[in-house]
Each structure stands twice: as C-alpha cells, then as structure tokens.
1. Out of Asp29, Asp24, I need the residue that is surrounded by fewer than 19 Cβ atoms within 10 Å (Cβ to Cβ), closer than 21 Å to Lys236 by Cα and within 23 Å of the chain's Cα centre (by Cα). Which one?
2. Confirm whether Arg424 is in contact with a helix residue (DSSP H, G or I) (Cβ under 8 Å, 6 or more places away or on another chain), in a helix (DSSP H, G or I), within 30 Å of Phe116 (Cα to Cα) and assigned by TED's automatic domain parsing to the domain that holds Leu136.
3. Let me spell it out: the conditions are (1) in a loop (DSSP other than H, G, I, E, B); (2) of a type outside the set (Phe, Trp, Tyr); (3) surrounded by 12 or more Cβ atoms within 10 Å (Cβ to Cβ); (4) out of contact with any Ser or Thr (no Cβ under 7 Å at 6 or more places or on another chain), and Leu388 meets all of them except one. Which number is the exception?
4. Anything in region 60-82 that is among the hydrophobic types (A, V, I, L, M, F, W, C) and touching a helix residue (DSSP H, G or I) at 6+ places or on another chain (Cβ under 7 Å)? List them, or say none.
5. With respect to Leu189, is the statement that it is closer than 24 Å to Leu365 by Cβ and out of contact with any Cys (no Cβ under 8 Å at 6 or more places or on another chain) true?
6. Could you please let me know if Ala180 is surrounded by fewer than 18 Cβ atoms within 10 Å (Cβ to Cβ), in a loop (DSSP other than H, G, I, E, B) and among the hydrophobic types (A, V, I, L, M, F, W, C)?
7. Look at region 1-43 and say how many of its residues are under 30 Å from Gly435 (Cβ atoms), in a loop (DSSP other than H, G, I, E, B) and in contact with a strand residue (DSSP E or B) (Cβ under 6 Å, 6 or more places away or on another chain).
8. Of the residues that sit in region 401-434 and are of a type in the set (A, V, I, L, M) and out of contact with any Pro (no Cβ under 7 Å at 6 or more places or on another chain), which one is surrounded by the most Cβ atoms within 10 Å (Cβ to Cβ)?
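The values are calculated or read from the model by the stated rules, or taken from the named source; none is laboratory data. Since we're looking at a predicted model, the values are computed, not measured. Glycine also receives a Cβ, built like all others from the backbone with ideal geometry; neighbour counts cover every protein chain displayed.
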Amino acid sequence: MPQFADFEQARAWLAQHPAVRGIDLLLPDQMGIPRGKRVTTEELAGVHRNGLLLPASMFALDVLGGTIQATGLGFDEGDADRICLPLPGSLAPVPWLGEHVAQMQVAMYEHDRSPFFGDPRHVLEAVLRRFAARHLTPVMAVELEFYLVDRERTAEGHAQPPRQPRSGRREDKTQINSMAELDEYSEVLSAIDAAARAQDLPTGTVLAEYGPGQFEVNLHHVDDALLACDHAIRLKRLIRGVALAHGLEATFMPKPYRDHAGSGAHLHVSLLDDAGRNIFAADDPAGSPALRHAIGGLAATINDTMAVCAPTANSYRRFQPEAYVPLGPSWSVNNRGVAFRVPAGPPDSRRVEHRVAGADANPYLLAAMVLGGMLHGIERQLDPGPLLAGNAYRDSTPTIPLSWPEALTAFERSEFARDCLGERFARLYAQTRRGEMQDFSSYVSALEYAWYLTTT
C-alpha cells in the first residue's frame, strides 16, 4: 500500500518555520515539469486528509502545457479530477522565494487511493516491486548537466552565454573543468549549494563542464530509487529558481548551442542483495557476471528506451560523434564515450553509469526503463558483447534511433516498453509525445523562411 505523509509531522515542521504562509504542492508531469497549486498553511491539513484535486490531464500535457486530446484524459472524460496526496518527508523551504513559501511534492491517486496509472512515479514503483520480489534493492545516483544562460536572447532569438559576473566577458569557448568558470559563478553556485542543504538534497560537487556556462551537479547514491528521482526533480526546480533570483536562467535543454556540448542526465546504478552486498562487486574492473548481464539487458533494450531517454525534438541534437554521447549500445570500463560505463574504483563500488539520456528526460521514467532493462538482462543472462577499448566513435556506425519519429515508432512497437511501463502508460506516453511531435513539425521556422522563401 502507498505510504502517505503524516500531517502531524507537517504541523511540527510548520511550527519550526512560523513565517511560512504558502505551500507549493508539486506534481511532476510526464516530462518531469513541476505543476500543481499553492495552498495556505491553513489548507494543508485538508490536503493531507482529503487530497488535492487536480485533473488527470496533467499527465497528458505537452511541454507548453497544452492537453493532447488523443490520450482521452481531456474532453473525453470531462477533464475529470483525481486526488493528489503529499509524499512523506517532502516538505521543505524554498529559499529563492523567501521565507514565506515552502514546497511539498504530491503524487496522483484514484479516489479509492489506488495509484493513478498515468503518474510516472507510480510507474517506477511498479518496476521496483519486481526487484523486491527478487530480493534486490537498486542503489542509484543521478548526475545532471545544465547551462546558465543570459535572460536576454540574441537578435535571432537564440540563447547566449551570460556575461560573467566578475569579468563582464561573454565566454564562448569550451573550458572543461575550469576553476575560473567556477570562480566567476561562485555566488550563484554557492546559493544553489545552500538551497540544496536547506532542502536536505544530497548534492555533491559542482563541476564546470564542456560548454560556456555549463555545469554538472551530482546527487549522492541512495538505496531508494524513488527518492533518488524525487531529489532530481526537486534539484532541477531549485537550480532554475536560484538562477532566476541571480538574474540568470538555467536550462536543462539537451542542446541549447549548435557548437557546444549538450547536457545529459546520467544514472549510476548498483544492486544490493538481502545482506546488503553489491552483486556487481568484483576484483575484475569489468564487474561481476551479474553486472555484465545487466549491461546486456540495457544493450538489448536501448532502441526501445530512446523515446524516454530523448523525449523532445531537441534531444536528438546531442547525438554527434566525439561529443561524449553514445551512438550505439557500447560498454567499457572507465570510458566516457560509451553508452554503459563501468566507472573506475574499488571492487565494492562496481556499478553501471547509463550515459544515454538527455537532461530533459523524466527521472522516474528514465529510471524505470534503465532498471527494467537491467532486470531484463539479469533474468535472461544476456551477453553485452565485447568490451570496447579506446575511441568509441572510431569506425562506428550509429545503431540507435537518432530521430524523434524513429524513436517513437520503436517505442510504440516495443513489447519491452509495454511490459516495463505498463500497457496503459506506454500508450499514454506514446500518444502524448506523438501529439507534441506533430504540433512541433507543423511549425514553420525562421530558418525555413531564410533558406526557402525566395530560393525555391
């Protein structure tokens, strides 16, 4: 049965934060975008007791918030409400909005309090029950890459790097692991760290990544995959909010710049048995047979998962040679060019780093498909193929769907996707993403006018 938040704990928390007047109730949609409602502190007891009513069509929205009617969750059912109930331990301050606002995450349920099929969090819950049945516990950490961009666009409407706070320069070059970049943005990065501490988010170090104004933030491993994804959802909101408070914008758009690196979401996963032992541990740097079988499952299902790993039109612009983005189901040890990396480290730290997804992927759905793929391989003892050495891009031909239509078609035809996510949810996801793709494809861009209006 689902675990619901205890209002007495919320009451105690509010007593410690008497300045709070409003609570943002956050419901991450199909894309992981927080939606919901702000309620007063006086209304919170009723939310715990009776739930917050929100339409189920919240899970049939495109990225712009429009309902995809083909899903049947809009007019076909009168835009009917379900109830949303708070998640335990999710009440937290929102420092970038001041002391009067807090937040709490909710999940959607039917009126009998059974999980609503369209909520991605419940999809991941179902996958985790399969692991529990095998007496296995996933341990997971999420890495997120993002760009800080200027709030002012170029004359062409494009994103541009911000003027650096100290020097006033607008950096346009790659500065991998640049300490100067960290120094320039120390104020906003320190504010991100402070806000994460205030919300008890287990963040690690922030690194300057490859592009100008690009950074990576790591969340620590936890033995609760749902919580790991909750952390990722909250961290993305936090980063965006803190950046705005400092006059910047943060974007998790996978490829905001043509000539600079894209932003990914990497999952680090290991599996514990009932005794708390990592079943991937081995003296061999390539890990145990169970680790190789898990990678075999990821390799076998990579085409099925691309529509979740890369859910938007922009997602596919990341997939370029020698851009540290995989083009096929390759695996290796300590090699960032492959899809499934086994990081270096001591034997008991053996794990898989899944490097395929863009930063726009929904963490719950990504985790569901990654874990589902690993279990698929373990149950069938699948061979991942030879370990790749050296340049993963040398003489390699892309073997994964590298366009939105191709990925969606593979997803719609996938028995694995339906088994992993559930028949109803897989259909809902495909309908929503295809509806957005059709709307996107019908738009005539400025580049098309520039190229074709007077030349054809």
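1. Asp24
2. no
3. Here Leu388 clears every test but (4).
4. Ala60, Val63, Ile68, Ala70, Leu73, Phe75, Ala80, listed by residue number.
5. Details: closer than 24 Å to Leu365 by Cβ: no; out of contact with any Cys (no Cβ under 8 Å at 6 or more places or on another chain): yes.
So Leu189 does not fit the description; no.
6. no
7. Final tally of qualifying residues: 1.
8. Only one residue fits best here, namely Leu421.
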